[in-house]
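The values are calculated or read from the model by the stated rules, or taken from the named source; none is laboratory data. Since the model is a prediction, treat every value here as computed from it, not as a measurement. Note: ideal-geometry Cβ built from the backbone for every residue, glycine included; neighbour counts use all protein chains shown. Surface areas here come from the heavy atoms of the whole protein model, side chains and all, with no ligands, DNA or RNA. Shrake-Rupley method; radii C 1.70, N 1.55, O 1.52, S 1.80 Å.
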Amino acid sequence: MKDIENNSDIQLLVDEFYKKVNEDELLSPIFNEIAQVNWKDHLPKMYKFWSKLLLGENEYQGSPFDKHIQLPIGENHFNRWIQLFLETLDAHFAGSKATEARLKAQNIANIFNFKMKTIQASGYIH
């Protein structure tokens, strides 16, 4: 298997990952019914996000955590998200960038989960 080398690789990873998300009984309702994600807009943002993280490109602007604050998500959602992401990554890529993607995705899931628990415990939402 090849490593993640360019934007085409990022697009493959993102597209294949979100295919899994859209088929997943836990995550699909969050994305499609509750958040009502516009996939035509969301996918290009995710290409830019992962290109920034893995390829050093600077097209992504934003604060991804803020979009999650009002969603009814918890540890089980983050665990499933990381499971699907790593399955997708491992099915298509191997090498140093793939390892970097693995670590960054795990960090994102852990940080988002921690922040959500903190916010929920404070009574800020839900």
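For region 18-66, name all the residues that are among the β-branched types (Val, Ile, Thr) and either within 14 Å of the chain's Cα centre (by Cα) or open to solvent by less than 60 Å² (accessible area, probe 1.4 Å) (or both). So that I can check it myself, show each step before the final result.
Taking region 18-66 and keeping what is among the β-branched types (Val, Ile, Thr), we get 21, 30, 34, 37.
Matches in region 18-66: Val21, Ile30, Val37.
Output the qualifying pairs, or none if there are none: Cβ atoms under 6 angstrom, residues six or more apart or on different chains, first residue in region 62-82 and free of Cβ contacts under 8 Å to residues at least 24 places away in the same chain, second residue of a type in the set (Phe, Trp, Tyr) and open to solvent by less than 30 Å² (accessible area, probe 1.4 Å).
none
Name the residue that is farthest from Ala98 (Cα to Cα), counting only residues in region 1-15 that are under 13 Å from the mean Cα position of the chain (by Cα) and buried (at least 17 other Cβ atoms within 10 Å of the Cβ).
In this case the residue turns out to be Val14.
Could you check how many residues of region 32-71 are closer than 18 Å to Lys104 by Cα and polar (S, T, N, Q)?
Summing the residues that are closer than 18 Å to Lys104 by Cα and polar (S, T, N, Q) in region 32-71 gives 4.
Quick one: what pairs do we get from region 92-113, first residue in contact (Cβ under 8 Å) with a residue 40 or more places away in the chain and in a helix (DSSP H, G or I), second open to solvent by 70 Å² or more (accessible area, probe 1.4 Å) and of a type in the set (Val, Ile, Thr), C-beta under 8 Å, 6+ apart or different chains?
Every condition considered, no pair remains.
Quick grid of which residues meet (1) at pLDDT 90 or above; (2) among the basic types (Lys, Arg); (3) surrounded by 13 or more Cβ atoms within 10 Å (Cβ to Cβ); (4) under 24 Å from Glu23 (Cβ atoms):
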residue: His68; (1), (2), (3), (4): no, no, yes, yes
residue: Leu84; (1), (2), (3), (4): yes, no, yes, yes
residue: Glu100; (1), (2), (3), (4): yes, no, yes, no
residue: Asn107; (1), (2), (3), (4): yes, no, no, no
